[in-house]
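These notes concern the structure reproduced below.
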Amino acid sequence: RPRTDRLERMQAAPLWKRHLFWMTGMFRESQWQIAAANDMYNLCMQQAAKQIFFDTAAAGVDPERYYTRFQLKGLHCWLCHVRLRMEPRDACVHLFTDMMETLWEDAIKQMVKQEKLDLLQASKFLKELQEGWHGMCVALDQAILSEAPHEAVSTVLLRNVYATADGQVPQEHTSRSLWLSDYLLLQVEHMRALLSPEVLLGRISFKAPQPLCTERHKDASELAM
């Protein structure tokens, strides 16, 4: 259940209860942002886990590789970052920071429990993930402002999501990266239209993507061959 919903219910409690909550700092701005961060993070993780991102007729991300699954999560956090930059910094500084702290904490746990890395290995890999995520975000920020954002974002994705461990990009990923590029740009536009009060409570949504690669994507893939 969303944490901000819980805070709202607490605000509607009888006066004597609200007084107790106020005394414990329950309704401080930072507490609202922390609750919103948890809710926004959960929505991002639910979205990033959808099967369409692993469908070879759509994004076609490798479901067996932890790095690519993590990058999908990171892409959805980047979408939130793009949207939150529209808000006053004070209104969302804890929100985004706490969301990313949760991402990093969960990554460590997953690498230890699911990938069977020891804590030292997981910590080393986490640093690489953090550096890779920041680099990808900077490149995406530049790409969405370019004259040809669909192609520019696709290029960033090919390097940061679809490339193999040795830096090679299989040809079949060209159309898939274009699909994912379209998806991200669709979400950027959609999230920009979300109302600020809802966004600051962590209540974001994602627009339904196109399920299959379009002819434009297929043509682009053939031209790249």
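Were the residues from GLU87 through LYS116 laid out at 0.36 nm apart, the gain over their Cα-Cα distance would be 6.5 nm. Stretched out straight at 0.36 nm per residue, the stretch from ALA148 to SER196 would grow longer than its current Cα-Cα span by 14.5 nm.
Once backbone amide H atoms are built at 1.01 Å from N, ILE204 has no partners under 5 Å, excluding neighbours fewer than 5 places away on the same chain. Exceedance of the 28 Å cut-off in Cα-Cα distance is limited, within the set LYS113/LYS207; LYS109/LYS207; LYS124/LYS207; LYS50/LYS113, to LYS113/LYS207; LYS109/LYS207; LYS124/LYS207. Within the assembled protein chains, the solvent-accessible surface assigned to PHE53 is about 0 Å², based on a 1.4 Å probe.
In terms of Cα to Cα distance under 14 Å, which aspartates and glutamates are near enough to LYS73, apart from those fewer than 8 places away along the same chain? Cross-link targets: ASP62, GLU101, GLU105, ASP106.
Would you mind telling me the share, in percent, of accessible area of the stretch 44-87 contributed by carbon and sulfur at probe 1.4 angstrom? C and S atoms contribute 51 percent here.
Taking a ≥ b ≥ c as the square roots of the eigenvalues of the Cα gyration tensor, the stretch 128-179 is oblate, since a/c reaches 1.5 or more and a/b is not larger than b/c.
The values are calculated or read from the model by the stated rules, or taken from the named source; none is laboratory data. Because the structure is predicted, anything quoted here is derived from the model rather than measured. Keep in mind that these areas ignore ligands, DNA and RNA; they rest on the heavy atoms of the full protein, side chains included. Shrake-Rupley method; radii C 1.70, N 1.55, O 1.52, S 1.80 Å.
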